[in-house]
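First the structure, in the form of structure tokens, and then the observations on it.
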Number of protein chains: 2
Amino acid sequence: MAVASLIVQKFGGTSVADADRIRAVADYVARTRRRGVRVVVVVSAMGKETDELLRLAAQVSDTRPGREMDMLITAGERKAMALLCMALHDLGVPADSFTGSQAGLITDNEHTKAKVVEIRADRIRSALEEGRVPVVGGAQGVSLQNNVTFLGRGGSDTTAVALATALSADACELYTDVSGVFTADPRVVPGARRLHRVSFEEMLEMCAAGCPKPEMRSVEFARNHGVKLHVRSSFTWEPGTWIEEEDPQVEQPIISAVVSDASEAKLTVTGVPDRPGVAARLFRGLADRLVNIDMIEQNISIHGTTDISFTVPHADLPAALDVCRTLQPEIGATGVLSDDEIATVSLIGAGMKTHPGVSATMFETLANEGINIEMISTSAIRITCVVRRTLVEQAVIVLHDAFKLEAE
Amino acid sequence: MAVASLIVQKFGGTSVADADRIRAVADYVARTRRRGVRVVVVVSAMGKETDELLRLAAQVSDTRPGREMDMLITAGERKAMALLCMALHDLGVPADSFTGSQAGLITDNEHTKAKVVEIRADRIRSALEEGRVPVVGGAQGVSLQNNVTFLGRGGSDTTAVALATALSADACELYTDVSGVFTADPRVVPGARRLHRVSFEEMLEMCAAGCPKPEMRSVEFARNHGVKLHVRSSFTWEPGTWIEEEDPQVEQPIISAVVSDASEAKLTVTGVPDRPGVAARLFRGLADRLVNIDMIEQNISIHGTTDISFTVPHADLPAALDVCRTLQPEIGATGVLSDDEIATVSLIGAGMKTHPGVSATMFETLANEGINIEMISTSAIRITCVVRRTLVEQAVIVLHDAFKLEAE
């Protein structure tokens, strides 16, 4: 007899926001089991609970040490997983909750953003063998020093993919408050279309370009271990978007999606002497202050000097400005400019590798709308432009239209 | 150099009800440390959080399996202990939070009311040796099967005493919302006096007779291991009541306190044939249904039959009635009466052992007030009377006065 298939189902915070939603999720898990499928559930904290815990910590403390923040935050998933197990018991489904530690998610000791280093899922396997549904708290683990760790916001996706990998699950379903991955944000482009499938590479580029869900780390983990992801809604339960290996037999769409991101700011160091080692000195200084750099652009040298522009998350802007101003005399630059009114718009598509002219169409489309391009960055399957933030929604709309993403 | 003294400080829910209270507790712990005392902190869930978690569970589930209830409830202390550690860090006091499991509180597997079977406090000892303040979540442990367990309401007191025992602490301070143990409930008797000290035996009788704090189990644990308890207030920080071994050198007060309890109901099985085995059959039947019996009284036999009365917690009344009515034909009783309008009033005092006449004074005092005594039960240091519930506060007031408990 064939072994029944195994699915990891991850339910995000809005999926378990209150008692009714928790019971609805339990009902759905019970139905999945009745189809003969073995299920492992991963659950996030209820609704806005993580935000509330963060607010409470801010009320109590200015220092908020990482070890204690992780102890605090992981209380959220603990509640959700216990309540979901109770609701499953009510339906006659035997279920046991497991903390990240009990589920065997071993992490490094980087509190508030720990990384999974090993998965010892023995208790989860035992529960499955006994015909029980393991319900695992998302985004949490235990360090080798036996401290409770938190994987960071969105880390429940990583927990789900890590368990799917360790258990060789047939698929990992990420239930969220959107019904899949779209050609553009449906709030900006009413005609945005849900994608049936998207490759790991495209999804990673979309995550990097600002697509908020699923969590980028989980997509990387899934790609590295060949775990098929299915992003779908716990409100409609209809099929969503599959994220999987690119199939070389199938012709790739030229463009899969338009993604925007308004979370970054731009810095420009002007009049930098064009000699070896100057850029290295600047970016080493930024790295030492843990500033995350995204795009970098260096203009051509005119009269032996150049301008270096780069983008950083808004939160890193003060530190980045501080580094640039401190280093300005040493590297002999003439000035430091910052601009936090920018946004990026990106086209992503595996097919653009074999279709020249995508950039040209993109730039023309923006130019025809009078939208100025301030920086450009590209990869094999992505083109990103920096534009004024006030114009970015318009940019998304016209690009979605120009590349005919609405039509199936 | 002498080793610094070690105190376990337990803070109840009202002591850590909000951010301000948590910071006040942190400040107090920091002050204790500045006096050169090593401190282990045990903390309950914030304010009414445990009640809120129970309400949430009732909204989600009808079955509420114990393992999952314990996983849920223990989230409460987890939040409080992490937040208190953060507040201590803010004050420059190095502190680490520990779950019951991390603190080494090994329990049996009786979920929702687990008992401590062993204490492996290695991590707590290490933290102390490093000069850190361990902050332990109260009322929680881990079973030998590696499941999270809850010790029950009030179990934080037991955690504190268990750790004080394991660490050979010099004292265990129970900070609560009352400033000590009183000669009577100050809400009922305005002149009630705080006791400076009370023996373990007296305190146990007071707990059994209805005194709500401290938790009875923790007092038993403290007596068995010789841990001095100090019940005091986290709102005034003034010295409270010491609970310790009776000192045979010191003359005992005749009466220490008057305690009342309105949480029980009375059942009477009438016309029971006065032959061997009948009472045994009845109380075996009640024990099989896990009904908790408190007082039992059997009247003298008249014409070969007798009446058996006993008291049970209100919650057990339906089960007890069911057992009695089912057994009535078998034991040949003539009827079953229930009465849930009763209450008990008790006098407790180690000195009454050597002072005859206490009962007589108690009965006369109640009779003079026209308060009828419906049942009586005594131990070496306690006398309890069942009276109408409507009259119990009056009974407490007149007894407190008759035995001159107000005067120092």
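Just so it is clear, none of the values below were taken in a lab; they were calculated from the coordinates. As the structure is a prediction and not an experimental result, all values here were calculated from the model. Using ideal geometry, Cβ is built from the backbone for each residue, glycine included, and neighbour counts are taken over all protein chains shown.
Note on region B:6-177: dipole from Cβ charges, positive end direction compared against B:Met81, B:Val25, B:Gln145; the farthest Cα belongs to B:Val25.
About the Cα centre of the protein assembly as shown, how large is the charge dipole given +1 on each Lys and Arg Cβ and -1 on each Asp and Glu Cβ? Please answer in debye to the nearest 20.
Working: 82 positive and 108 negative charges, 178 e Å.
Value, rounded to 20: 860 debye.
Go through region A:52-157 and name the GluC sites (Glu not before Pro) that are in a DSSP coil and have 16 or fewer other Cβ atoms within 10 Å of their Cβ. Each step should come with its number before you reach the end.
Numbers: sites: A:Glu52, A:Glu68, A:Glu77, A:Glu110, A:Glu118, A:Glu129, A:Glu130; in loops: A:Glu110, A:Glu130.
Of the GluC sites (Glu not before Pro), the ones in loops of region A:52-157 whose Cβ has at most 16 other Cβ atoms within 10 Å are A:Glu110, A:Glu130.
Looking only at B:Gly370, B:Gly351, B:Gly152, which one moves most when chain B is put into a Gaussian network model with springs between Cα atoms under 10 Å? Looking only at B:Gly370, B:Gly351, B:Gly152, the biggest GNM fluctuation is shown by B:Gly370. With the charge dipole of the protein assembly as shown set up from +1 on Lys and Arg Cβ and -1 on Asp and Glu Cβ about the Cα centre, the Cα lying farthest toward the positive end among the listed residues B:Met352, B:Leu128, A:Leu195 is that of B:Leu128. With a Förster radius of 30 Å applied to the C-beta separation of B:Ala4 and B:Arg120, the computed FRET efficiency comes to 0.80.
According to the Kirkwood relation over distinct C-alpha pairs, the hydrodynamic radius of region A:6-177 is 15.7 Å.
Rounded to the nearest 20, the Cβ-based charge dipole of chain A about its Cα centre (Lys and Arg +1, Asp and Glu -1) stands at 1020 debye. The value given for region A:220-302 is a Kirkwood hydrodynamic radius of 18.1 Å, derived from the mean inverse Cα-Cα separation.
Using +1 on the beta carbon of Lys and Arg, -1 on that of Asp and Glu, and nothing else charged, what's the dipole of region A:6-177 about the Cα centre, debye to 20?
On the way: 21 positive and 22 negative charges, 61 e Å.
Charge dipole of region A:6-177: 300 debye, to the nearest 20.
Under the combined filter of DSSP loop state and at most 15 neighbouring Cβ atoms within 10 Å, region B:220-325 retains these GluC sites (Glu not before Pro): B:Glu245, B:Glu246, B:Glu251. With a cut-off of 16 Å on the backbone N, the residues of region B:142-174 near the modelled label site 7 Å out from B:His225 along Cα-Cβ are B:142, B:151, B:155-174. Find the Rg to Rh ratio for the protein assembly as shown, where Rh is the Kirkwood radius over alpha-carbon pairs and Rg uses the same atoms. When Rh is taken as the Kirkwood radius, the ratio is 1.10. Build a GNM of chain B with springs between Cα atoms under 10 Å apart, and of B:Ala19, B:Ala95, B:Ala139 the one that fluctuates most is B:Ala19. Rounded to a whole number of µm²/s, how large is the Stokes-Einstein D of chain A at 4 °C and 1.567 mPa s, given Rh as the Kirkwood radius over C-alpha pairs? The calculation lands on 56 µm²/s. Of the trypsin sites (Lys or Arg not before Pro) found in region B:1-78, those in coil by DSSP whose Cβ has at most 16 other Cβ atoms within 10 Å are B:Arg35, B:Lys48.
Helix B:358-368 and the long axis of chain B differ in direction by around 70°, with both axes built from C-alpha atoms.
Region A:97-126 and region A:226-303 have Cα centres separated by 29 Å.
What shape does region A:127-175 have by the C-alpha gyration tensor, where a ≥ b ≥ c are the square roots of the eigenvalues, rounded means a/c under 1.5, and otherwise prolate means a/b greater than b/c and oblate the rest? The partial results should precede the final answer.
On the way: a/c = 2.10, a/b = 1.38, b/c = 1.52.
Oblate shape, in that a/c is at least 1.5 and b/c is the bigger or equal ratio.
Counting every C-alpha pair in region A:277-408, the share spaced more than 25 angstrom apart comes to 37%. Along the axis of the charge dipole computed for region A:6-177 (Cβ charges of +1 for Lys and Arg, -1 for Asp and Glu, origin at the Cα centre), the listed residues A:Asn109, A:Thr50, A:Leu174 are led at the positive end by A:Leu174. Global size of region B:290-366: 16.5, 46 Å for Rg and Dmax (C-alpha atoms, Rg to one decimal, Dmax whole).
Result for chain B in a Gaussian network model with C-alpha springs under 10 Å: among B:Ala30, B:Ala395, B:Ala287, the largest mean-square fluctuation is at B:Ala287. If you wrap the Cα atoms of region A:335-387 in a convex hull and average its projected area over all directions, you get 4.4 nm².
Calculation over all alpha carbon pairs of region A:78-225 in 10 angstrom steps from 0 returns a P(r) of 11, 36, 32, 18, 3, 0 percent. Give me the distance between the Cα centres of region A:142-217 and region A:1-51, rounded to whole Å. Taking the Cα centre of region A:1-51 as reference, the centre of region A:142-217 is 16 Å away. Using the Cβ-Cβ distance between A:Lys353 and A:Leu91 with R0 = 45 Å, the FRET efficiency computed as 1/(1 + (r/R0)^6) comes to roughly 0.40.
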